[in-house]
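First the structure, in the form of C-alpha cells, and then the observations on it.
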Amino acid sequence: MFRNALVVGGAGFVGSNLAITLKQNVPAGNVQAFDNLHRRGSELTLKRLREAGVAFVHGDIRISEDFACFGDLDLIIDCSAEPSVLAGIGGDPSYVIQTNLFGTFHILELARRKNARLVFLSTSRVYPVRHLLNIPLQQTVGRFVLGSPLPRGLTPEGITEEFPLDGPRTLYGASKLASELLIQEYIETYGLKAVINRCGIITGPWQMGKVDQGVVALWVAHHVFKRPLKTIGFGGQGLQVRDAIHVDDLADLLGIQLSNIDKASGTCFNVGGGHAVSFSLAELTALCEEVTGNRVPMESVAETRPGDVPYYVTDASLVSRTFGWKPKRDMRAIVAEIASWIESHRDELKDIL
C-alpha cells in the first residue's frame, strides 16, 4: 500500500489514531506524523505515537519551509485543520484561513513534488447553513425528525453529496470547500491521485472535546467529572440531531480506500455513521447518564449561535456502495469506550477536558 506515509495533523485526535493504525497495518512502512501541537492535549499523543513506531515531526502547515525535511513520500493523509465552526466569527480569521486553505496548498505542492497519493479529510460543514436551516423538521420527544417534502440532496437516510453548495457556510466550512476545489484542480492539472472524505462528527478515545468541536467526548467528560453543561440553540431543549463515526470505523474505511485510491480519485464522499449512529443532545445526555451513573446540571439556552444547524445526518450510501464499507460501532459502544478511556487517564485529563 505504501512505503513512506505522512499524516498531517498527526498529533491530533484523528491524525494520531490514523497514523497508529497505518503503522500497525503495515509494520515495515515508514509513518511520520506532522503537527504544530497547537491544540491543547495534543502533546499527550506523542508518547502513543512513539510507542507505536510513528516518527513525530514538529512543524506548521502554514509555513512551506517546514515541509523541506521530507524525503520520499508515496502517501499523504491530511487531517490538519482549525476545526472550530466558530473560528474567526467576531474576530481575526487569519489562523483558520492560513491553516485550512494555505496549509492545503502547501500539502498539495508536497504531494505534487513527491508524486504522492492524497487522502483529504474535509467536513460536512461545506454544506451551506441556509440550506441546512431550511430542511423540513418535525419535533418529537427527544429529537427533531425529517418532515416533507425533502429538498434536493436529502433522502430519508440523510444528506447526500448532491446537497446544494451555494451560499455561506462559516469561515471554517468555506476554507475546507476551497481546499476541495484546489484538490480537484491538482487532480486535473497534475494528475494527482486523491480522495476527499466529507466527514461529520468523528469521535472516540483521545479526543480532547470542546464546546465547538468534539461534542461527544465533551459530553461524556462532563458527566464523568460531574461538571455542568448547556444545551444551546433551537429552543435549548437539546433536540438538534447529528450522526457520529468512531475514529476506528474511519480508519477501516481509509484502509479500503487506500487499496482503491486510483479508482476513486477525484470523488467526494459523505462519511458518517448515518441514522444508525445518530443522536440528539437530549439522547446523548441520557446515554451518558446511563453509562457513567452521573447526572449533571443542564442549563437551557434558547438562543442559537451563528453557524449552528438543527439537523445533520449523513447519507453515506455512495461511500458504502463504492467500498463495501459500513461503520460497526453504535453510540452506546462509543460513549462507553470514551468514558472508560477518561477514567483510565483521569489525572491527565481532568484539567484538559
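The values are calculated or read from the model by the stated rules, or taken from the named source; none is laboratory data. Quantities reported herein were computed from a predicted structural model and do not represent experimental measurements. Positions of Cβ are backbone-derived with ideal geometry, glycine not excepted, and every protein chain shown enters the neighbour counts. Areas reflect the complete protein model, heavy atoms only, side chains present, ligands, DNA and RNA absent. Shrake-Rupley method; radii C 1.70, N 1.55, O 1.52, S 1.80 Å.
Here is a yes/no grid of residues against (1) part of a strand (DSSP E or B); (2) closer than 20 Å to residue 143 by Cα:
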{"position": "197", "(1), (2)": "yes, no"}
{"position": "223", "(1), (2)": "no, no"}
{"position": "231", "(1), (2)": "yes, yes"}
{"position": "237", "(1), (2)": "no, yes"}
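Counting the residues of segment 90-116 that are more than 20 Å from the chain's Cα centre (by Cα), closer than 30 Å to residue 263 by Cα and open to solvent by 10 Å² or more (accessible area, probe 1.4 Å) gives 6. Any residue in segment 133-146 that's farther than 16 Å from residue 157 by Cα: show its pairings with residues that are outside any loop (DSSP other than H, G, I, E, B) and hydroxyl-bearing (Ser, Thr, Tyr) at Cβ separation under 7 Å, as long as the two are six or more apart or on different chains. Within 7 Å, the pairs are 142/280. Inspect segment 102-124 for any residue being under 22 Å from residue 308 (Cα atoms) and out of contact with any Lys or Arg (no Cβ under 6 Å at 6 or more places or on another chain) and give the result as yes or no. Within segment 102-124, one or more residues are under 22 Å from residue 308 (Cα atoms) and out of contact with any Lys or Arg (no Cβ under 6 Å at 6 or more places or on another chain). Taking segment 287-308 as the range and being part of a helix (DSSP H, G or I) and surrounded by fewer than 15 Cβ atoms within 10 Å (Cβ to Cβ) as the test, the residues that pass are 289, 290. Just so you know, in segment 147-171 the residues that are in contact with an Asp or Glu (Cβ under 7 Å, 6 or more places away or on another chain), closer than 17 Å to residue 125 by Cβ and in contact (Cβ under 8 Å) with a residue 40 or more places away in the chain include one that is most open to solvent (accessible area, probe 1.4 Å), and it is 160.
Being touching a Cys at 6+ places or on another chain (Cβ under 9 Å) and either free of Cβ contacts under 8 Å to residues at least 40 places away in the same chain or more than 19 Å from residue 296 (Cβ to Cβ) (or both), is that true of even one residue in segment 215-225? Checked against the condition, which is being touching a Cys at 6+ places or on another chain (Cβ under 9 Å) and either free of Cβ contacts under 8 Å to residues at least 40 places away in the same chain or more than 19 Å from residue 296 (Cβ to Cβ) (or both), segment 215-225 yields no hits at all.
For residue 262, the stated conditions hold: it is outside any loop (DSSP other than H, G, I, E, B) and over 21 Å from residue 159 (Cα atoms). Taking the condition modelled with pLDDT of 95 or more and among the small types (Gly, Ala, Ser), does residue 266 pass? Considered against the rule, which asks whether it is modelled with pLDDT of 95 or more and among the small types (Gly, Ala, Ser), residue 266 comes out as no. Check whether at least one residue in segment 112-123 is in contact with a strand residue (DSSP E or B) (Cβ under 7 Å, 6 or more places away or on another chain) and over 23 Å from residue 250 (Cα atoms), and report yes or no. No - not one qualifying residue is present in segment 112-123. Residue pairs whose Cβ atoms lie under 7 Å apart, sitting 6 or more positions apart in sequence or on different chains, and linking a residue in segment 245-265 that is of a type in the set (S, T, N, Q) to a partner that is open to solvent by less than 30 Å² (accessible area, probe 1.4 Å), are 257/119; 257/195; 257/264; 257/323; 260/323; 265/194; 265/195.
Within segment 323-337, the set of residues being touching a strand residue (DSSP E or B) at 6+ places or on another chain (Cβ under 7 Å) and in a helix (DSSP H, G or I) comprises 331, 334.
Under the condition of being open to solvent by less than 20 Å² (accessible area, probe 1.4 Å) and either within 18 Å of the chain's Cα centre (by Cα) or closer than 15 Å to residue 250 by Cβ (or both), the residues counted in segment 324-352 number 5.
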